[in-house]
Structures are given as C-alpha cells and as structure tokens.
Amino acid sequence: MSDPLFAKLGQTCPPHEILFRDGEMGERMYVIRSGRVRIYKEAGGSEKTLAYLGPGEFFGEMAILNNKPRTASAETVEETKLLVIDGKTFGSMVVSNSEIAVRLIRKLARRLDNANELIDILMHRDPKARVILGLAREAEHNGQQRKDGSVLVPLDREGLARLVSLAEEEVEGVLSRLDRLSIIEYSPDGFLIPDVMRLHEFLEFLQMREKFGEA
C-alpha cells in the first residue's frame with residue numbers, strides 16, 4: 001500500500017548514519033516509521049547513550065522549537081525509515097492538529113522523566129547497580145514482551161556499556177554473573193530477561209550484603 005506522507009517527507013537511512021551532531025543548529029525534526037535511532041552525547045572523550053528510540057517516536061524537535069543548537073547527537077542503529085519535517089511544516093501541523101500538540105507535550109514530559117532516571121543510574125558508583133538498573137530501565141521503556149512473560153532487551157554489550165558509562169569489561173563481568181544465576185539469558189537479538197522483578201530483587205540482595213559488610 002502506498003504511503004503518501006512517506007512519499008512526501010520520507011527518508012530511508014542505512015545503519016549507523018549520523019542524523020545530526022551535538023552543537024549543530026537544527027532545522028528539521030524526525031519521526032521514526034521503522035527501525036531504531038540512538039540518541040547520545042559525547043563527554044570526557046566517551047559517548048553516553050541517552051536513549052534508544054523506536055517506531056512512533058519523534059526527536060530533534062527542540063532545536064526547531066527554540067532555535068538553539070542540538071543538545072545531543074543522533075544515529076541510526078539499523079536501517080531506519082524516517083519522516084523528516086522542517087520547522088514550517090511542524091508549526092503548521094501543531095496549529096492545525098491538537099492531537100499532535102498533546103502528543104508533543106506528553107513526549108517532552110516523558111523524555112524529562114527518562115533523563116532523570118538515567119541520571120539516577122549514572123550516580124551509582126557500583127558498576128553492578130548501574131548494569132542492573134540499566135537493564136531494568138531498558139526492559140521497561142524499550143523491552144519486547146514475550147508471550148511467556150519474559151522481556152527481550154534489544155541491546156548488545158557495547159550498547160549497554162555506553163548506556164551506563166562503563167567499560168565493556170566491567171559490564172561483561174556483571175552480565176556473566178546474571179547469566180550464571182539465570183536472571184538473564186544471552187540472545188542474538190539482545191538480552192532475554194525471564195522475570196524483570198528478579199533483577200530488582202538481586203540488586204536489593206547485593207545492596208543488603210554491602211550494607212552489612214558481606215559483599
């Protein structure tokens with residue numbers, strides 16, 4: 001079936017294409033039709049992943065709303081179909097369609113909540129806590145629910161390491177332990193979590209051991 005909107009505004013991008021960089025002036029925003037996009041920021045010589053966005057999500061709107069430079073960078077994770085919308089078109093859509101305006105407000109509020117969650121994770125000094133909380137956060141926001149109740153987190157070790165700002169070796173050590181305890185399972189598509197609650201319970205267990213000097 002033809003898609004007139006995509007025919008007019010659509011763009012298909014290959015994996016790992018940089019859509020924009022932190023600090024650039026922005027004249028366009030994007031809506032994801034299919035695929036995934038990584039939003040990240042470079043700090044201290046390393047990249048910190050802020051979010052992975054999927055179909056239905058939009059991003060890049062702040063630069064055209066406030067006419068200020070981009071505050072983060074964006075790249076495609078896989079082949080991605082996008083609607084590319086300039087400031088004039090976006091303004092007309094918001095004015096003529098109240099549903100779009102409400103979605104924008106809700107999205108901005110949710111994005112603020114997500115940023116605060118990520119800040120809380122990065123405040124933990126214990127790498128085990130950061131990995132476990134990072135997995136739990138991704139399971140909640142980007143996880144793919146299975147019929148058996150398990151959740152697939154579509155991240156690899158490198159992506160998870162960037163998300164929680166740790167070396168891959170540190171992340172691998174924590175993941176190996178979680179795998180041995182059957183709290184997670186390795187999958188070609190990411191990390192399979194049979195029961196997300198067990199992640200939280202294991203973290204509570206580790207924190208109790210540390211509190212009483214048994215870690």
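The values are calculated or read from the model by the stated rules, or taken from the named source; none is laboratory data. As the structure is a computational prediction, the values presented were derived from the model and not from experiment. Heads up, the Cβs are rebuilt from the backbone with ideal geometry, glycines too, and the neighbour counts pull from every protein chain shown.
Being touching a Phe, Trp or Tyr at 6+ places or on another chain (Cβ under 6 Å) and either surrounded by 13 or more Cβ atoms within 10 Å (Cβ to Cβ) or outside the structural domain of Gly190 (by TED's automatic domain parsing) (or both) narrows it down to one of Ser92, Ser73, so name that one.
Ser73
Could you grab the pairs with beta carbons closer than 9 Å, sequence gap of 6+ or different chains, first residue in the range 182-197 and in contact (Cβ under 8 Å) with a residue 24 or more places away in the chain and under 18 Å from Glu140 (Cβ atoms), second one exposed (fewer than 13 other Cβ atoms within 10 Å of the Cβ) and small (Gly, Ala, Ser)?
These pairs meet every condition: Pro194/Gly149; Pro194/Ser182; Asp195/Gly149.
Among the residues of the range 10-38, write down those that are closer than 11 Å to Leu82 by Cα and surrounded by 16 or more Cβ atoms within 10 Å (Cβ to Cβ).
Correct list: Cys13, Leu19, Met29, Tyr30, Val31, Ile32, Arg33, Gly35, Arg36, Val37.
Is it the case that some residue within the range 83-98 is charged (D, E, K, R), under 22 Å from Pro4 (Cβ atoms) and more than 17 Å from the chain's Cα centre (by Cα)?
Within the range 83-98, one or more residues are charged (D, E, K, R), under 22 Å from Pro4 (Cβ atoms) and more than 17 Å from the chain's Cα centre (by Cα).
Does the range 138-176 hold any residues that are within 18 Å of Tyr52 (Cα to Cα) and without any contact (Cβ under 8 Å) to a residue 24 or more places away in the chain, and which are they?
Matches in the range 138-176: Gln144, Gln145, Arg157, Glu158, Ala161.
Run Pro55 past the list (1) out of contact with any Lys or Arg (no Cβ under 7 Å at 6 or more places or on another chain); (2) under 18 Å from Asn142 (Cβ atoms); (3) surrounded by 12 or more Cβ atoms within 10 Å (Cβ to Cβ); (4) modelled with pLDDT of 80 or more and report the number of the one that doesn't hold.
With (1) out of contact with any Lys or Arg (no Cβ under 7 Å at 6 or more places or on another chain); (2) under 18 Å from Asn142 (Cβ atoms); (3) surrounded by 12 or more Cβ atoms within 10 Å (Cβ to Cβ); (4) modelled with pLDDT of 80 or more applied to Pro55, the lone miss is (1).
Can you tell me which residue is surrounded by the most Cβ atoms within 10 Å (Cβ to Cβ) among those in the range 138-154 that are touching a Leu at 6+ places or on another chain (Cβ under 7 Å) and of a type outside the set (Asp, Glu)?
Looking at residues that are touching a Leu at 6+ places or on another chain (Cβ under 7 Å) and of a type outside the set (Asp, Glu), I get Val153.
So, Ile183, is that one surrounded by 13 or more Cβ atoms within 10 Å (Cβ to Cβ), under 24 Å from Leu53 (Cβ atoms) and of a type in the set (A, V, I, L, M, F, W, C) or not?
Answer is no for this residue.
Restricting to the range 99-110, name every residue that is under 19 Å from the mean Cα position of the chain (by Cα) and surrounded by 11 or more Cβ atoms within 10 Å (Cβ to Cβ).
Arg103, Leu104, Lys107, Leu108, Arg110
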